[in-house]
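For reference, the structure is listed below as structure tokens.
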């Protein structure tokens, strides 16, 4: 389901795609979070890359939340919004994190992009809003990344953002051809891995302090509240 | 320090104060003495009700290529507790970084909290200190040849404020600067929001003076009111916390432990000098870019 390969300070996490996160597949989320946490704690790793081996980073998915959610919101939160769940594990990793995005990047894909340090994108990538059906999406990260008004428009309208527009508004770090995507990601990873490990870790610790001051952690804490609200809205909609 | 590391003047007719860094032979790198002179002048300017705007610029082709690593060691040695042992203590490093750069009396805090409108003329290399001048000033006018970045971060780690950088250009762009060490062109800086005006190099000073005069025409109560509202917002944004974190990280990274295979920038500075160390670091990154061993 999830493959991990480590070479010369760069760790590659690859999977077919990240759509299971959009479907709120708990087992997938736990496995992905565990991989990120293990690599974050590995002194031989400086950079963590997330790559989809399929044609799309996160193919469009209906997103089963909240209508089909079974079980408690608390259990859901442990898999998707807790401090050791995937998004916080990625956002607060002590290593440089890179998302390599090709094709469709819906829901969870965009949430991963927001949580990662660098994003290398193919020209045909489309970044859908993660806010439509994913309470764990972090609006503070979005407003820090693409600025408040763009983040509001993305959240409210849900219009996918093309790769070049994403580059212009600061959502992605590089846009390259699909053929050149893997090599561009490799170059970015090697560049970052040339930094001293102590420097990377201390930089990330300082970044975490700044993100906390902006309320990024608190926004993740609010996810359970948003989930409860969305589930109630879903139940109401079903009854109507 | 040379006798004229910076010049200071006040134009009473236009109500504009001028700071001009004058170390072109060192690409206007800021040493400790120059930083203190600037802080002292800003103290004087803040207490002068007749001044409404401050223009900051550099002599020669570059605004500033960073802090002057040539006197970093003496900065630590001269701090309280710095000369007790052969190697400066951690407390001395913390005090030195705070007092000279990020603390309430440091250069960046002093510039950020100036009660007058602060305007920067950016040209050529605006690296590290030059970048933070742009972040701490209210307005930045850049020449088309300006470039902004912090290449040293790639050799040691990011050890400067991140909150102003993130607020100015956005989170992902700030991280790009942290981890890829590629400076931004003036055009990129304008697109990202770091720069307010972009002009040809030969029009830079004229444009800066024009903007300064416009700002100087604003009523003084309005300027000071706006500046205090800005200070309140900076606190809410956590800039004080970020400056404190930068103090800790910068002092810690001055004592960094390099892994066996890593490029030891500090040892290279000690062994072959700063210019050679920077060149070796650059060559190493170029090898990665071109895929050559």
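State the number of residues belonging to segment B:261-281 that are surrounded by fewer than 14 Cβ atoms within 10 Å (Cβ to Cβ) and either in contact (Cβ under 8 Å) with a residue 60 or more places away in the chain or away from every other protein chain (no Cβ under 11 Å) (or both). So the count comes out to 8. Taking segment B:238-293 as the region of interest, the helices (runs of 4 or more DSSP H) fully inside it that hold 3 or more residues being more than 30 Å from residue A:186 (Cα to Cα) are B:239-253, B:265-272.
Every residue, every condition in (1) in a helix (DSSP H, G or I); (2) under 12 Å from residue B:66 (Cα atoms), yes or no:
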site	(1), (2)
B:118	no, no
B:121	no, no
B:126	no, yes
B:130	yes, yes
B:133	yes, yes
B:145	no, no
B:155	yes, no
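Would you call residue B:53 more than 20 Å from residue B:5 (Cβ to Cβ), free of Cβ contacts under 8 Å to residues at least 40 places away in the same chain and surrounded by 18 or more Cβ atoms within 10 Å (Cβ to Cβ)? No; evaluated as a whole, the condition is false for this residue. Just so you know, in segment B:144-160 the residues that are over 14 Å from the mean Cα position of the chain (by Cα) and surrounded by fewer than 24 Cβ atoms within 10 Å (Cβ to Cβ) include one that is nearest to residue B:264 (Cα to Cα), and it is B:156. For segment A:122-144, the count of residues that are in contact with a strand residue (DSSP E or B) (Cβ under 6 Å, 6 or more places away or on another chain) and within 24 Å of residue B:165 (Cβ to Cβ) is at least one.
Would it be correct to say that residue A:167 is within 14 Å of chain B (Cβ to nearest Cβ) and surrounded by fewer than 24 Cβ atoms within 10 Å (Cβ to Cβ)? In short, yes.
Quick grid of which residues meet (1) at pLDDT 95 or above; (2) within 19 Å of residue B:106 (Cα to Cα); (3) not in a strand (DSSP E or B):
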{"residue": "B:4", "(1), (2), (3)": "no, no, yes"}
{"residue": "B:41", "(1), (2), (3)": "yes, yes, yes"}
{"residue": "B:44", "(1), (2), (3)": "yes, yes, yes"}
{"residue": "B:48", "(1), (2), (3)": "yes, no, yes"}
{"residue": "B:51", "(1), (2), (3)": "yes, no, yes"}
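In a residue-by-residue description of segment B:178-196, the property of being out of contact with any helix residue (DSSP H, G or I) (no Cβ under 9 Å at 6 or more places or on another chain), closer than 30 Å to residue A:191 by Cα and not in a helix (DSSP H, G or I) applies to at least one position. For segment B:62-78, check the following and say yes or no: at least one residue is without any contact (Cβ under 8 Å) to a residue 40 or more places away in the chain, under 30 Å from residue B:12 (Cβ atoms) and either under 16 Å from the mean Cα position of the chain (by Cα) or part of a helix (DSSP H, G or I) (or both). No: zero hits. If you go through segment B:87-105 and keep only what is surrounded by fewer than 23 Cβ atoms within 10 Å (Cβ to Cβ) and not in a helix (DSSP H, G or I), you end up with B:87, B:89, B:103, B:104, B:105. Taking segment A:1-19 as the range and being assigned to a strand (DSSP E or B) and farther than 12 Å from residue A:44 by Cβ as the test, the residues that pass are A:3, A:4, A:5, A:12, A:13, A:14, A:15.
Screening segment A:23-49 for residues that are in contact (Cβ under 8 Å) with a residue 60 or more places away in the chain and touching a strand residue (DSSP E or B) at 6+ places or on another chain (Cβ under 6 Å) and picking the one that is nearest to residue A:111 (Cα to Cα) gives A:49. Among the residues of segment B:157-177, those that are touching a residue at least 24 places away in the same chain (Cβ under 8 Å), assigned to a loop (DSSP other than H, G, I, E, B) and facing another protein chain (nearest Cβ under 7 Å) comprise B:157, B:158, B:162. Within segment A:159-192, the set of residues being in a helix (DSSP H, G or I), out of contact with any helix residue (DSSP H, G or I) (no Cβ under 9 Å at 6 or more places or on another chain) and in contact (Cβ under 8 Å) with a residue 24 or more places away in the chain comprises A:163, A:164, A:167, A:181, A:182, A:184, A:185, A:186, A:189.
The values are calculated or read from the model by the stated rules, or taken from the named source; none is laboratory data. Nothing here was measured: the structure is a model prediction, and the numbers come from that model. Heads up, the Cβs are rebuilt from the backbone with ideal geometry, glycines too, and the neighbour counts pull from every protein chain shown.
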